Amino acid sequence: MNAEIEAAGFFGLLNWEEMTGLSKFWVDMISIPIFSAIAGLITNWTGVIMLFAPVRFTGFYVPGLKTLFPLLPRKVQILPTFAPGGILGFQGFIPARAEKMASLMVDNAVAKIGTAKDFFDQMDPRKISAQVAHVALPNVRSMVDSIMTTEHPQLWADMPPRGREAIYARVEAELPAITDRAFDFIGANIDQLLDVKLMVVGYLRRRPELLKDVIYGLGAPELRFMTRSGVLGFPFGVVVALWLSLLHYSSPHGDTPALIELPGWLHTLVHLFPAWLIVVLGGAVVGVLVNIIAIKVVFEPATPQPRYKYPWGVAKFAKRQYQAAADLGHAIGYQIVTLDVVTEQLLDGPSGDKTRAVIAHFLQLEIDRILGPLRSVTRLAVGPRHFDAIQATAGASLATEMKPWLVDDIEFSQSTAASVDQLATEKLRELPPDEFVEMLYTAIEQDAWLLYLHGGILGALVGGVHLLVFGV
């Protein structure tokens with residue numbers, strides 16, 4: 001009768017030995033590995049999802065949480081499960097750590113590709129200058145009209161058409177030389193005008209969706225492997241089933257003596273925990289182990305090692321460096337260090353005023369020269385301060401209008417992106433394997449313990465379900 005109860009599931013309603021005609025040994029040997037594989041697949045699949053989703057924090061108000069929160073350990077407080085005001089919810093690990101992840105990406109990838117000057121040179125300042133001159137040329141007349149009308153409408157209104165045409169013609173003729181000199185100077189001093197780390201971190205922090213897409217795209221095959229590797233729960237389930245069988249057959253059942261006689265110390269060890277606890281703990285251990293193995297196989301070792309140390313020889317991500325470098329290089333060229341991002345940082349970033357001052361300086365020099373004999377008359381008519389303001393406004397106007405001129409030309413933007421893509425891909429392929437692997441590993445490593453905890457909890461729950469269905 002005890003054996004029947006032990007083999008019964010669903011609160012004693014089902015007797016699997018009687019239903020299947022199989023012994024308890026075979027019921028356990030079939031059901032436990034299958035449940036273990038399911039536990040492994042579920043934990044790894046949901047673990048990968050937790051890395052990336054949801055991109056934005058999603059949660060709900062919990063009464064009393066705001067009071068309880070300050071009492072929680074610091075390691076718990078930093079989890080992406082709390083929001084100010086007593087909100088409990090969740091945000092994907094990578095989007096939640098967007099600023100830190102972006103900083104790690106810069107330190108482990110972008111910074112190793114090159115400096116701001118390397119990126120700017122790859123975009124080719126002369127090409128940018130020529131593009132600015134080309135797209136600005138049709139706008140020269142309206143820009144001059146706008147500047148002069150705003151700053152000194154009467155002088156411009158009184159100037160004869162021939163005088164206006166002469167100024168238009170001179171500005172149009174000199175525009176390529178003006179932009180060349182300005183961009184030569186910007187290129188030579190780009191490291192003082194452009195902070196690549198600040199630019200990339202700020203850009204990705206404001207766009208966690210992009211950061212998620214970049215990191216997922218970088219390691220998509222490895223992340224799929226991590227999910228599929230959950231089937232490794234099957235062999236671990238065999239071990240748990242054998243242990244339960246040893247526990248069962250080394251114990252007497254009613255008037256039936258134990259089928260397996262164990263030495264005293266071994267009997268004590270085997271029977272240290274009850275069968276139901278072994279099932280639950282076994283599920284938890286399986287959930288943790290499949291996560292650990294998946295991460296180890298993907299990221300360790302970066303260089304080939306003897307099979308007795310690592311049966312898989314070398315990390316899967318390290319094997320794929322050539323293609324993964326191309327994927328990340330493409331993302332850097334077309335999504336991160338793009339012409340519009342660089343232009344925005346140059347003109348509107350922390351050093352934007354310096355960039356505008358450079359353009360204004362070169363344009364002021366040309367205005368002085370182009371106006372020629374009119375310069376003295378104009379300066380006298382409008383006053384020295386007002387005349388200087390016209391020159392400064394001209395520089396600021398060109399700087400302000402330059403950004404949309406550059407980024408609106410899709411073909412030109414794609415051309416510069418392709419150049420950066422090529423540079424980034426080549427440099428990433430040249431990185432030592434351990435440094436390359438570190439790029440993706442750092443995105444996962446700091447929260448790996450949460451993945452293990454998540455795997456253990458889910459594994460224990462699956463073990464509980466097995467107890468419910470199949471009994472002890």
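The values are calculated or read from the model by the stated rules, or taken from the named source; none is laboratory data. Bear in mind the structure is a predicted one, so any value in this text is a computation, not a measurement. A quick note on method: Cβ atoms are made from the backbone with ideal geometry, for glycine too, and the neighbour counts reach across all protein chains shown. To get the accessible areas, we keep the full protein, side chains included, count just its heavy atoms, and leave off ligands, DNA and RNA. Shrake-Rupley method; radii C 1.70, N 1.55, O 1.52, S 1.80 Å.
Within the range 107-118, residues that are closer than 17 Å to Pro432 by Cβ and part of a helix (DSSP H, G or I) sit with their Cβ atoms under 6 Å from residues that are of a type in the set (D, E, K, R) and open to solvent by 10 Å² or more (accessible area, probe 1.4 Å), at 6+ positions apart or across chains, in these pairs: Asn108/Glu438; Ile113/Lys427. Evaluate the following for Leu204: is it among the aliphatic types (A, V, I, L, M), within 22 Å of Leu328 (Cα to Cα) and assigned to a helix (DSSP H, G or I)? Considered against the rule, which asks whether it is among the aliphatic types (A, V, I, L, M), within 22 Å of Leu328 (Cα to Cα) and assigned to a helix (DSSP H, G or I), Leu204 comes out as yes. For the residues Leu137, Leu71, the requirement of being among the aliphatic types (A, V, I, L, M), open to solvent by 60 Å² or more (accessible area, probe 1.4 Å) and modelled with pLDDT under 80 singles out Leu137. Of the residues making up the range 175-194, those that are in a helix (DSSP H, G or I) and open to solvent by 10 Å² or more (accessible area, probe 1.4 Å) are Pro176, Ala177, Asp180, Arg181, Phe183, Asp184, Phe185, Ala188, Asp191, Gln192, Leu193. Looking for something surrounded by 13 or more Cβ atoms within 10 Å (Cβ to Cβ), touching a Ser or Thr at 6+ places or on another chain (Cβ under 8 Å), closer than 25 Å to Ser31 by Cβ and in contact (Cβ under 8 Å) with a residue 40 or more places away in the chain - is there at least one such residue anywhere in the range 246-269? Checked against the condition, which is being surrounded by 13 or more Cβ atoms within 10 Å (Cβ to Cβ), touching a Ser or Thr at 6+ places or on another chain (Cβ under 8 Å), closer than 25 Å to Ser31 by Cβ and in contact (Cβ under 8 Å) with a residue 40 or more places away in the chain, the range 246-269 yields no hits at all. The numbered conditions (1) open to solvent by 30 Å² or more (accessible area, probe 1.4 Å); (2) within 28 Å of Leu210 (Cα to Cα); (3) at pLDDT below 85 are all true for Ile42 except (3). Does at least one position in the range 401-410 carry a residue that is under 31 Å from the mean Cα position of the chain (by Cα), over 30 Å from Phe317 (Cα atoms), at pLDDT 60 or above and not in a helix (DSSP H, G or I)? Yes; the residues of the range 401-410 include at least one that is under 31 Å from the mean Cα position of the chain (by Cα), over 30 Å from Phe317 (Cα atoms), at pLDDT 60 or above and not in a helix (DSSP H, G or I). Any residue in the range 415-435 that is open to solvent by less than 60 Å² (accessible area, probe 1.4 Å) sitting within a Cβ distance under 6 Å of a residue that is not in a helix (DSSP H, G or I)? List the pairs, counting only those 6 or more apart or interchain. The qualifying pairs are Ala417/Thr338; Val420/Val337; Pro433/Ala302; Pro433/Thr303. Does Leu210 satisfy the criteria of being at pLDDT below 80 and in a helix (DSSP H, G or I)? Spelling it out, it is not the case that Leu210 is at pLDDT below 80 and in a helix (DSSP H, G or I). From the list Leu423, Leu431, Leu453, the one residue that fits, being more than 19 Å from the chain's Cα centre (by Cα), within 19 Å of Gln345 (Cβ to Cβ), at pLDDT 75 or above and hydrophobic (A, V, I, L, M, F, W, C), is Leu423.
Note on the range 273-321: residues that are among the aromatic types (Phe, Trp, Tyr) and within 17 Å of Glu438 (Cα to Cα) amount to 2. The single condition among (1) modelled with pLDDT of 85 or more; (2) touching a helix residue (DSSP H, G or I) at 6+ places or on another chain (Cβ under 6 Å); (3) of a type outside the set (Asp, Glu) that His253 does not satisfy is (1). Taken over the range 45-64, the criterion of being part of a helix (DSSP H, G or I) and either of a type in the set (Lys, Arg) or open to solvent by 70 Å² or more (accessible area, probe 1.4 Å) (or both) is satisfied by Trp45, Ile49. Filtered by the rule that a residue be of a type in the set (S, T, N, Q) and loosely packed, with under 15 Cβ neighbours inside 10 Å, the range 205-245 gives no residues.
Among the residues making up the range 167-184, those that are among the charged types (D, E, K, R) and closer than 19 Å to Thr355 by Cβ are Asp180, Arg181, Asp184.
Under the condition of being surrounded by fewer than 17 Cβ atoms within 10 Å (Cβ to Cβ), touching a residue at least 60 places away in the same chain (Cβ under 8 Å) and of a type in the set (A, V, I, L, M, F, W, C), the residues counted in the range 436-449 number 1.
For the range 227-255, the set of residues classified as among the charged types (D, E, K, R) and part of a loop (DSSP other than H, G, I, E, B) consists of Asp255 only. Within the range 235-253, is there a residue that is touching a Lys or Arg at 6+ places or on another chain (Cβ under 8 Å) and not aromatic (Phe, Trp, Tyr)? Checked against the condition, which is being touching a Lys or Arg at 6+ places or on another chain (Cβ under 8 Å) and not aromatic (Phe, Trp, Tyr), the range 235-253 yields at least one hit.
Among helices (runs of 4 or more DSSP H) entirely within the range 256-372, having at least 2 residues that are over 23 Å from the mean Cα position of the chain (by Cα), modelled with pLDDT of 85 or more and small (Gly, Ala, Ser) singles out 275-299. The set of residues in the range 455-469 being in contact with a Ser or Thr (Cβ under 9 Å, 6 or more places away or on another chain) and open to solvent by less than 30 Å² (accessible area, probe 1.4 Å) consists of Gly455, Gly456, Gly459, Val462, Gly463, His466, Val469. Would you pick out the residues in the range 126-174 that are in a loop (DSSP other than H, G, I, E, B) and either free of Cβ contacts under 8 Å to residues at least 60 places away in the same chain or under 37 Å from the mean Cα position of the chain (by Cα) (or both)? If the condition is that a residue be in a loop (DSSP other than H, G, I, E, B) and either free of Cβ contacts under 8 Å to residues at least 60 places away in the same chain or under 37 Å from the mean Cα position of the chain (by Cα) (or both), then Met159, Pro160 are the ones that fit.
Look at Ser142 and say whether it is among the hydroxyl-bearing types (Ser, Thr, Tyr), modelled with pLDDT of 75 or more and open to solvent by 60 Å² or more (accessible area, probe 1.4 Å). Considered against the rule, which asks whether it is among the hydroxyl-bearing types (Ser, Thr, Tyr), modelled with pLDDT of 75 or more and open to solvent by 60 Å² or more (accessible area, probe 1.4 Å), Ser142 comes out as yes.
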